[in-house]
Amino acid sequence: MIPPEQFAAALAENQSALDDAQADIEALSARVETLALAKSAAERRADEAERRAADLSAALEEEQARVGMLAGSLRSVYSGALDQWARSERIASERTSLTIEVAILRDRLDGLRIEQQELLAQLRERTDIHVAGMEESLSYTGLDIDSLIQRLRGGVTPTTAGVGGPLIPLPPSPPNLDDKGDDTLGAELVDLVDRASDLRDVANRLPLSVPILGDYRRSSGFGARTDPFTGRRSRHEGLDFAARSRTPIHASAAGTVVFAGRHGAYGNMVDIDHGLGIVTRYAHMHDIDVAVGEAVEAGDVIGRVGSTGRSSGPHVHYEIIVDGDPRNPANFLRAGRSLIDLQE
């Protein structure tokens, strides 16, 4: 059995140990509490740091997005500037090309103008020669050609012809295109062409061809001759063309039949009015193939060679009557041959 004093001493010693342990526990508790407070503060700082980091990250992303937008804008501006520069280069190149093209076109236009003047001069010369040739050919008929032209126009001449219409000003001529030389040549050429047209119209009205095609012989001329029946000198107002009986007789120009029938010494006869006061007469015909009022063209068959009336044998008596006066058909035939030669 442990003595009480020893037990009390052991108990006191245990109590001291317990007190020390309690003190250590309290110290540890205080330390744990301090550590807990530090941990809590650290956690708060960590949370704050995370929030700050998140804010910085968001701000960074926003800045990066803004930088990306600025970079895109810069790229767009740069690309636009490049496009504008390229467009300016193209425009400058096109302007240079157009300037060169305009210069080439102006040179070509000058060449065409010179060529046009030469062509107009050549046309004028050729037309002048042609008109002169037609005038000379038609002059063989002995007719007043200008008078015939005026009659063909119904009395209207180029200076008296009616003209009119609204006044419409011409637009201004482009630079370097108003060439008075061209205008003069052109006006002269127009006048010559009009003259040639008038001469052609008259020629188409005149009896300039032989009324018989094929084999024939001129058996009697125009004017004084020995009469085949009396042997005395007499006047013959036409040409006689001897040919086989019933050889076709052709109209020597277009016109209208004004007589077709028996006419005394002329026998079977046809008269054709060609206008302009000109009538052709075909006599001693065997047959008549046209009627009064019938329109005929040059070359149409109007009858057949015969020997009716005062005739010594088959032939056609051919007359040309101008304003009631007989004219020598040989002159008209000469004019016709000359016009044919002119065309060759």
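I need the shape label for the range 226-278. Rule: rounded when a/c is under 1.5, else prolate if a/b > b/c, else oblate, with a, b, c from the alpha carbon gyration tensor. It comes out prolate by the Cα gyration axes. The alpha-carbon atoms of the range 94-157, seen along their principal axes, cover 68, 24, 9 angstrom, with the largest extent given first. Modelled spin labels at D227 and D323, positioned 7 Å past Cα toward Cβ, are 3.1 nm from each other.
Along the range 107-116 the Karplus relation, 6.51 cos²θ - 1.76 cosθ + 1.60 evaluated at θ = phi - 60°, assigns HN-Hα couplings of 4, 5, 5, 4, x, 5, 5, 5, 4, 5 Hz to successive residues, with x for each Gly and Pro. Semi-axes of the equivalent ellipsoid of the range 290-344 are 24, 17, 14 Å, computed as sqrt(5λ) over the eigenvalues of the C-alpha gyration tensor in descending order.
When you filter the trypsin sites (Lys or Arg not before Pro) in the range 286-337 for DSSP loop state and at most 13 other Cβ atoms inside 10 Å of their Cβ, nothing is left. Modelled label positions at I91 and A187, each set 7 Å beyond Cα in the direction of Cβ, lie 4.7 nm from each other. Converting phi to 3J(HN,Hα) with the Karplus coefficients 6.51, -1.76 and 1.60 and the offset θ = phi - 60°, the range 229-234 yields 9, 9, x, 9, 5, 8 Hz in sequence order, with x at every glycine or proline. Our Cα-only numbers for the range 209-332 put the radius of gyration and Dmax at 13.3, 39 Å. The range 41-139 gives an Rg/Rh value of 1.86, both radii derived from C-alpha positions and Rh following Kirkwood.
Calculate I(q)/I(0) for the range 25-94 by the Debye formula, one identical point scatterer on each C-alpha and no solvent, and give its log10 at q = 0.17 Å⁻¹ to two decimals. Log-scaled intensity ratios, in q order: -0.79. Modelled this way, with points 7 Å down the Cα-to-C-beta line, the labels at E115 and D201 are 3.5 nm from one another.
Any read-out appearing in this document is the output of simple, stated calculations on the displayed coordinates, not a laboratory observation. If you're wondering where the values come from, they're calculated on a predicted model, not measured in any experiment. Using ideal geometry, Cβ is built from the backbone for each residue, glycine included, and neighbour counts are taken over all protein chains shown.
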